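Visitor: Questions regarding the structure given below will be posed in turn.
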Amino acid sequence: MAVALMQKIGILAHIDLKPEITGELQHLGLLHIEDLRDLAGQEEWKELVSPDEITDAQLETDIADVNVATDFLLGFAKKGFLAGLSGTKVHLTQDEYQSLTDKYDWKNLGDRCKKLTEERKEIISESDTLNSQKKMLLPWASLTVPVEEVTSTKNVEIFAGTVPHHNFAEFQKGLQESEARYYLEIVQAADDRAYLVVFHHRQDKDIVDEILNKTQFSQVTFPGMTGTAQDLIERIEQRYDELIQRAKGIENEGRALAQYLNRLIVIGDHLQALLERRKIPAKFARTSKTFFIDGWIRSSHLPLLKERLKEKFKQAAVFEIEPRPGEVAPSDYRNSKMVRPFELITSLYGAPSYFEADPTPAIVPFFLIFFAMCLTDAGYGMVLATLSLLGLKWLRVGANMRKLLKILFAGGLITTLLGALTGGYFGINFEELPPSLGFLTDLRSKIMLLDPLKEPLHFWIVGLVLGYIQLNVGVLVKFYWNLKNRRLLDAFVDQVSWLMLINSLVLFGFAKAGIVAGWIGSLSMAAAVVGAALIVLFYQREEKNPLARFFWGIYGLYGVTGYLSDILSYTRLFALGMATAVIAMMVNVIAGMVSNIPLVGIVLMLVVLIVGHLFNIAINVLSGFIHTLRLQFMEFFSKFYEGSGRPLRPFAFNFENSVIERRK
Amino acid sequence: MGGLEIALIGVALAVGMGGIGSSIGVGLAGQAASGVMTEDPGKFGRLLLLVALPGTQGIYGLLASFLVIMKLGLIGGGSVVEITQSQGFKLLFACLPVALTGLFSAIHQGKVCVAGIMMAAKRPEEMGKTLVLAVFVEFYAVLGLLITILLLFGKL
């Protein structure tokens, strides 16, 4: 329940040791280093810290180069859909990592990729230009004179241009009726425009220009081009083919180089970590001869850190220090191996603060059961468990994805169990099974406790009761935590009062309904009154004015409605569980219908069954997961958990895209 | 109009309104996701969830329609169930909760998802929280579905 114990430490050492000590700390990966620049406002720290960032230009360029190369190669790497969806990472052993970062000369590969990237960019931009030139030249293909000869002489203006089709008649008529001396060569009529070469006497420029303007003539020039349009087009096509060949060459080379992609990815992560190491001293305090690191470490890790530093560095001192006033330690989970995957869920909401209970162990049973209730199909549970197990085995994903897969695996197992108890197996309607399979029906009903489709109300109530239990557990956790931290008044007034009130009201209801004996009802009514009184009297215990305090207390009682709506919120379990079951049934009915189609019926039926059920599993795992999350976050956590902690982030080799596997 | 025809209006409404809502919601989210992916196509996997989320209302509608179709005996073996006009209206009304909540919640959920996608573009690590926010809207469609199912399973 509690988070790991933290110790604040300081490391003081000679300034010459800075690179080695930061290196060692990064290798250990245990120390959460605080940024002492935050204290720059305080007199005694002002001289010791400097607000400047530190960086390493060489590393930054290298990282940029690696990124360009990685992006280039990523385009050629084969990546499956599933791998893309789950975000696979490069996995390698410590030894492989060591030899890669020590010996591998990535610069050749990096430079080559960079060059290819640039070349490809040039090819693309040149082929764009060629394409647009070709498009422009195509209508002039039947012009027999070389384009550079479409140019004015001493007395005659000669130019090419186009006129919109619908203006062409007007254009021609205008020229005919005018006094201008002209000649028109119609080259081509295409895409709503007429392509022409206009000849006219220089003296008639004004008359011709007027007609040209009126008919939206637009002039076309052929800057820098020589030869006929046809020749030009052929030359462009030739050049274009050359470019395509070169692009293919690049493509082939890229595909061949893509086998080194993983190495580059690891190098990229490695360089990034080295850059982090270069940057981290900005957070230290320093004098001319010494530097000082201020940080947090798990108490259990402290001896190791001390031993390592003492062994390697004579002129370094590690000492435990008191936190500054108001400073709260970062927090880190401390859970058993079974519970650890679920830390993912807690972290999604917010890590526990150092003085808070870690809710992770408490959510495990509820999360699994609720998730299973949203599916309630043993067949689906088995499919889910199998798929997530395969994923764990074959997908090379990061730590968080592994946690998720583990949760899904456990969820699948519980779903199988719950599905058997509710008689759901791929939505099969056991009443319609042929009599020869009757033993299956018998087996099912022997295991089954409750059939949600026959008794939906009971299934609903099961969900609500589970929710009710979870809410009580939530309040109890807070009660326990208050007791443990010696906040007795809070424990009794804030938690016991509610436990009494809520549970007594429920018991009273049972008594009224005749489920429990009448005297229990009267007793619980009394308990409810006591609980309510506690709430009214102590809800606003800081309030000085007794009248205001009383009315605030009455308002506090209003919280009962909150509990009511919280419990009703667990209705979603029932609705989602029913939805899964009914869609599964639907898939089977549709499959049954298509099976009657002659010839292809059986194949179609199999397709419908497989696709339909996988689809149903996918959407219901998704919505089941998220709705269950919400129940933890909103209904459960609101009773005892804030999640305002700052997680421990040790200075380490934090890799984004690769995972170093520990030796087994 | 006979009972069967009236009941079929309910079938059409449940699947139609849920489908309209979902297509609007998924459409909104899909556009936003495409926008984000122009910058970073690698986010596809993460964004897919947020885009798919407003799609559930359509499925809820489909589910309710399917239940009515089954109840009427329109598919599968056996003959069509004869129902009176009054029973037809009952089935029609039973479809309304899921139809109405589906239509509106899917659209609004789509909007929440759009905002979530924008957030995921800048802070991908916070995506879980957006998912939870989007589910807040969906709860009301779940409630609608619940009542529709209860009515259909009940003594109609």
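The values are calculated or read from the model by the stated rules, or taken from the named source; none is laboratory data. These numbers come from a predicted model, not from an experiment. Don't worry about glycine lacking a Cβ; one is built from the backbone with ideal geometry, like all the others, and counts go over all protein chains shown.
Visitor: Hey, among A:Ile660, A:Ile619, A:Ile610, which residue is surrounded by fewer than 19 Cβ atoms within 10 Å (Cβ to Cβ) and within 14 Å of another protein chain (Cβ to nearest Cβ)?
Guide: A:Ile619
Visitor: Let me ask something additional. Could you tell me whether any residue of region B:144-151 is part of a helix (DSSP H, G or I), within 18 Å of B:Leu53 (Cα to Cα) and within 14 Å of chain A (Cβ to nearest Cβ)?
Guide: Yes; the residues of region B:144-151 include at least one that is part of a helix (DSSP H, G or I), within 18 Å of B:Leu53 (Cα to Cα) and within 14 Å of chain A (Cβ to nearest Cβ).
Visitor: In addition: Hey, among B:Lys129, B:Lys71, which residue is away from every other protein chain (no Cβ under 11 Å) and touching a Leu at 6+ places or on another chain (Cβ under 9 Å)?
Guide: Going through B:Lys129, B:Lys71 in turn, just one is away from every other protein chain (no Cβ under 11 Å) and touching a Leu at 6+ places or on another chain (Cβ under 9 Å): B:Lys71.
Visitor: Need pairs with beta-carbon distance below 7 Å; first residue without any contact (Cβ under 8 Å) to a residue 12 or more places away in the chain and within region A:424-453, second not in a helix (DSSP H, G or I); sequence gap 6+ or separate chains.
Guide: Listed pairs, sorted by first residue: A:Leu440/A:Leu433; A:Thr441/A:Leu433.
Visitor: Looking only at region A:502-533, which residues are touching a residue at least 12 places away in the same chain (Cβ under 8 Å) and of a type in the set (S, T, N, Q)?
Guide: A:Asn503, A:Ser504, A:Ser524
Visitor: Considering (1) in a helix (DSSP H, G or I); (2) among the aliphatic types (A, V, I, L, M); (3) away from chain A (no Cβ under 11 Å), say which one B:Val80 fails and leave the rest.
Guide: Condition (1) is where B:Val80 drops out.
Visitor: Testing A:Glu170 on (1) in contact with a helix residue (DSSP H, G or I) (Cβ under 9 Å, 6 or more places away or on another chain); (2) surrounded by fewer than 16 Cβ atoms within 10 Å (Cβ to Cβ); (3) within 30 Å of A:Asp241 (Cα to Cα), one condition comes back false. Which one is that?
Guide: Of (1) in contact with a helix residue (DSSP H, G or I) (Cβ under 9 Å, 6 or more places away or on another chain); (2) surrounded by fewer than 16 Cβ atoms within 10 Å (Cβ to Cβ); (3) within 30 Å of A:Asp241 (Cα to Cα), only one is false for A:Glu170: (3).
Visitor: Name the residue, out of A:Ala532, A:Ala581, that is buried (at least 18 other Cβ atoms within 10 Å of the Cβ) and either away from every other protein chain (no Cβ under 12 Å) or outside any helix (DSSP H, G or I) (or both).
Guide: Of the residues listed, the single one that is buried (at least 18 other Cβ atoms within 10 Å of the Cβ) and either away from every other protein chain (no Cβ under 12 Å) or outside any helix (DSSP H, G or I) (or both) is A:Ala532.
Visitor: Same structure again: Take region A:215-225 and flag every residue that is loosely packed, with under 12 Cβ neighbours inside 10 Å and either without any contact (Cβ under 8 Å) to a residue 40 or more places away in the chain or in a loop (DSSP other than H, G, I, E, B) (or both).
Guide: Residues satisfying the conditions are A:Pro223, A:Gly224.
Visitor: Does A:Gly559 satisfy being modelled with pLDDT under 85 and over 24 Å from B:Val98 (Cβ atoms)?
Guide: Considered against the rule, which asks whether it is modelled with pLDDT under 85 and over 24 Å from B:Val98 (Cβ atoms), A:Gly559 comes out as yes.
Visitor: Considering only region A:128-167, state which residues are in a loop (DSSP other than H, G, I, E, B) and surrounded by fewer than 18 Cβ atoms within 10 Å (Cβ to Cβ).
Guide: A:Ala141, A:Ser142, A:Thr144, A:Val145, A:Pro146, A:Thr151, A:Ser152, A:Thr153, A:Lys154, A:Asn155
Visitor: I would also like to ask the following. Looking at region A:155-169, I want the residues that are under 24 Å from A:Gln203 (Cα atoms) and not assigned by TED's automatic domain parsing to the domain that holds A:His200 and have a partner that is in a strand (DSSP E or B) and at pLDDT below 90 with Cβ atoms under 7 Å, at least 6 apart or on another chain. Which pairs are those?
Guide: The qualifying pairs do not exist here.
Visitor: Considering region A:419-467 alone, what residues qualify as being within 14 Å of chain B (Cβ to nearest Cβ), part of a helix (DSSP H, G or I) and surrounded by 15 or more Cβ atoms within 10 Å (Cβ to Cβ)?
Guide: Passing the criteria: A:Pro456, A:Phe459, A:Trp460, A:Gly463, A:Leu464, A:Gly467.
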